[in-house]
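Asker: Quick one: structure below, then a few questions.
The values are calculated or read from the model by the stated rules, or taken from the named source; none is laboratory data. The shown structure was predicted, so the numbers you read here are calculated from the model rather than taken from an experiment. Every residue, glycine as well, gets a Cβ built from its backbone with ideal geometry; the counts of neighbours run over all protein chains shown. Only protein heavy atoms, including side chains, enter the accessible area calculation; ligands, DNA and RNA are left aside. Shrake-Rupley method; radii C 1.70, N 1.55, O 1.52, S 1.80 Å.
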Amino acid sequence: MTQSNDPILKVRDLSVEFATHDGVVRAVKGIDLNVLPGETVGIVGESGSGKSQTMMALMGLLASNGRASGSARYRDEELIGLPETKLNRIRGAKITMIFQEPMTSLDPLYKIGNQIAEPLVRHKGLTARAARARALELLELVGIPDPQRRIDAYPHEMSGGQRQRVMIAMALANDPDILIADEPTTALDVTIQAQILELLAQLQEKFGMAIVFITHDLGIVRRFSDRVYVMQSGVVVETGPTEKIFSRAEHPYTRMLLAAEPRGRKAPPRPDAPTLLEGRDVEVTFDIGGGFFSGEPTKLRAVDRISVNLKRGQTIGIVGESGSGKSTLGRALLRMLPSKGTILLDDRDISHADRQEMRPLRRELQVVFQDPFGSLSPRLTVGQIITEGLLVHEPSLSAKQRDQRAIEALREVNLDPVMRNRYPHEFSGGQRQRIAIARAMILKPKVVVLDEPTSALDRSVQKQIVELLKQLQSAHDLSYLFISHDLAVVRAIADYIIVMKQGKIVEEGTTEQIFDRPKDTYTQTLMAAALDQTRFRTTAA
């Protein structure tokens, strides 16, 4: 809903550079961009195209080795080079940002209600009581279940999708002029995505708020944006009204993005494949809330007596809405958190194995986390991060041998080995996720839990990663637990699917059974939403 022809944000000749060990990296190369009051601007492109760094530059949030030049004017006030004290009066109040990786943006030591209330107290001068009431309203708006109870939860007690919704609530708290949404639905399942987008559209209509939508999901861009900027390697290669970009794209790169979609089916494991990892009646319970003023904590059964049988060479897809218990189940099967029930690895009972007993087994049980930036040490180079496990499990290797293994691992995930001397903050979200995959694969494990491994990746890279995972699985007879809300990716890689809701299995079966003949109403709803998105992308392409 455009209210004026005068831009509320005007970017001219913006460049962003980073000083690295390998020289200066030009992430953004002199781009121009306008945002009008009340409109939605989509910025799309592959990982590393410069989408996020463009917005980080004008918010004054570049890493310490980054430098921005050019101009970014908000209501005729120059943001590039603006002193921190003046910039703080704008960001968080007039211009807010939803970050791609919420776990790194939320303070793990503070309850989420307090974190939402803080900008209300600082920028609007509300009392603590009024700010808490407003925080509760915002949690309801963004679809957090049981907000009266969840307002006192800590970030680690929430799923990835729920944490991202908390970030949206924080960004909307002060009714900003411009909301920068950097992959705001990345961690959300298809049904919640629709709710969040509808919420943002309603708030935009009500307050006349402009939205800059950074994403690799072109289906969302077409439904949600008025205009689109397509970026490749730090340059805007095409821009125009959304319908023109999607129906009459001119640049080959834009047409490639529109056509990208993970496809194909995985070859099933051999019929006589032995069971590698088994869970019997696995149960995980968390205490929520509690304390001196709150009384006894509430018991939340995140995983409710679930049994899983993973065969050698098999991929089991675990799907369900945010908060269904998918990630918790994966962690429990890897003995990364306390659980009840029985867990067997190669017929060995590891249900009660302590940390010392589990240590030699860790190389066989690897995990790729949903939030790669939170799991990669900012103080280590990528080469050191990837080879860290080798120091524990293959201590006899020399430094040269470890470096060679790092080179091989980076090549396997389609990253230039020269990058191994850089640090995580110098990479895009998608590149960091590939680094996390390389770190897991370098130990040649038997079982890998992949927790949303493609959630931050654009569609073209998703295709590469899915094919890579299939190749690695075929070459090394790997077994995967593939946790995801992206059903198109799950269909391309899984043999068998478990559908979870509120900690329980509502349906399970082969990939064909679940996608083509779902029996449960909840499964049917998920599949219908996925089919709508697939049809939308096909139409766009």
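Asker: Listed highest first by mean packing, meaning other Cβ atoms within 10 Å per residue, what order do 196-204, 263-271 come in?
Answerer: Descending packing order for the listed peptides: 196-204, 263-271.
Asker: Quick one: check the C-alpha center-to-center distance for the range 321-342 versus the range 209-228, whole angstrom.
Answerer: 34 Å
Asker: Give me the accessible area per residue for the range 351-439, probe 1.4 Å, as a whole number in Å².
Answerer: 49 Å²
Asker: How high is the FRET efficiency from Thr127 to Arg223, r the C-beta distance, R0 51 Å, rounded to 0.05?
Answerer: 0.85
Asker: FRET efficiency for Ser474 and Arg280, Cβ-Cβ distance as r, R0 = 22 Å, nearest 0.05?
Answerer: 0.15
Asker: Distance between Cα centroids, the range 458-501 to the range 156-185: provide it in whole Å.
Answerer: So the two Cα centres are separated by 27 Å.
Asker: For the range 134-251, what are Rg and Dmax over the alpha carbons, in angstrom?
Answerer: According to the Cα coordinates of the range 134-251, Rg and Dmax are 15.8, 51 Å.
Asker: Starting from the Cα of Asp287, step 7 Å along the direction of its Cβ; do the same at Ala259; then give the gap between the two resulting points in nm.
Answerer: In this crude spin-label approximation the distance works out to 5.8 nm.
Asker: Still on this structure: Per DSSP H run of n ≥ 4, the term is -39500 (n - 2.57); total these for the chain, divide by its residue number, and report the mean residue ellipticity at 222 nm rounded to 500 deg cm²/dmol. Could the numbers behind the result be given before it?
Answerer: On the way: 20 runs with 202 residues, N = 541.
Calculated mean residue ellipticity at 222 nm is -11000 deg cm²/dmol.
Asker: With a 1.4 Å probe and all protein chains left in place, how much of the accessible area of the range 204-321 comes from carbon and sulfur atoms, in whole percent?
Answerer: Carbon and sulfur atoms account for 51 percent of the accessible area of the range 204-321.
Asker: How large is the accessible surface of His393 in square angstrom, using a 1.4 angstrom probe and rounding to the nearest 10?
Answerer: That residue has around 50 Å² of solvent-accessible surface.
Asker: Tell me which chymotrypsin sites (Phe, Trp or Tyr not before Pro) from the range 283-389 have a DSSP coil assignment and no more than 14 other beta carbons within 10 Å of their own.
Answerer: Numbers: sites: Phe286, Phe292, Phe293, Phe369, Phe373; in loops: Phe292, Phe293, Phe369.
Filter output for the range 283-389: Phe292, Phe293.
Asker: How much area per residue is accessible in the range 30-147 when the probe is 1.4 Å and only protein heavy atoms are counted (Å²)?
Answerer: 45 Å²
Asker: Taking only Cα atoms, what is the 0 to 90° angle, nearest 10, from helix 160-172's long axis to the longest principal axis of the chain?
Answerer: Between helix and principal axis, roughly 10 degrees.
Asker: What distance in nm separates the two pseudo spin-label positions at Asp22 and Val235, each 7 Å out from Cα along the beta-carbon direction?
Answerer: 2.0 nm
Asker: If the chain between Glu198 and Asp175 were fully stretched, how many nm would it gain, using 0.36 nm times the residue separation less the Cα-Cα distance?
Answerer: The span from Glu198 to Asp175 would gain 6.6 nm if fully extended.
Asker: Same structure, new question: May I ask you to order 397-403, 58-64 by the average number of other C-beta atoms within 10 Å around their residues, highest value first?
Answerer: Details: 397-403: 12.6, 58-64: 17.3.
For the peptides 397-403, 58-64, the packing ranking is 58-64, 397-403.
Asker: Considering only DSSP beta bridges where both residues belong to the chain, give the percentage that are antiparallel (nearest 5).
Answerer: 60 percent
Asker: Taking the 0 to 90 degree range and rounding to the nearest ten, how far is the long axis of helix 112-124 tilted relative to the main principal axis of the chain, both from C-alpha atoms?
Answerer: 10 degrees
Asker: Measuring from label point to label point, each 7 Å out along Cα→Cβ, what is the Asp13 to Arg359 span in nm?
Answerer: In this crude spin-label approximation the distance works out to 5.9 nm.
Asker: Mean separation of Cα pairs under 8 Å and 6+ residues apart, divided by the residue count of the range 28-124: what relative contact order is that in percent? Walk me through the numbers before you get to the answer.
Answerer: Values: 42 pairs, mean separation 15.1, N = 97.
Here the relative contact order equals 16 percent.
Asker: Stretched out fully, how many nm does the piece from Glu77 to Asp272 gain, at 0.36 nm a residue minus the Cα gap?
Answerer: 63.4 nm
Asker: Also, I was wondering about something else. Given a Förster distance of 41 Å, report the FRET efficiency between Gln464 and Lys504 from their Cβ-Cβ distance, rounded to the nearest 0.05.
Answerer: Efficiency, from the Cβ-Cβ distance: 0.75.
Asker: If I take every Cα pair under 8 Å that is 6 or more residues apart in the range 179-239, average their sequence separation and divide by the length, what percent do I get for the relative contact order?
Answerer: Computed over the range 179-239, the figure is 32 percent.
Asker: Enter the angle in degrees (range 0 to 90, nearest 10) between the Cα long axis of helix 128-141 and the first principal axis of the Cα atoms of the chain, meaning the one along which they spread out most.
Answerer: Between helix and principal axis, roughly 70 degrees.
Asker: Ranked from the most accessible area to the least, with a 1.4 Å probe and all protein chains present, what is the order of Glu357, Glu205?
Answerer: Ranked from most to least accessible, the order is Glu205, Glu357.
Asker: Just for the Cα atoms in the chain, what are the lengths along the principal axes, largest first, rounded to whole Å?
Answerer: 68, 56, 46
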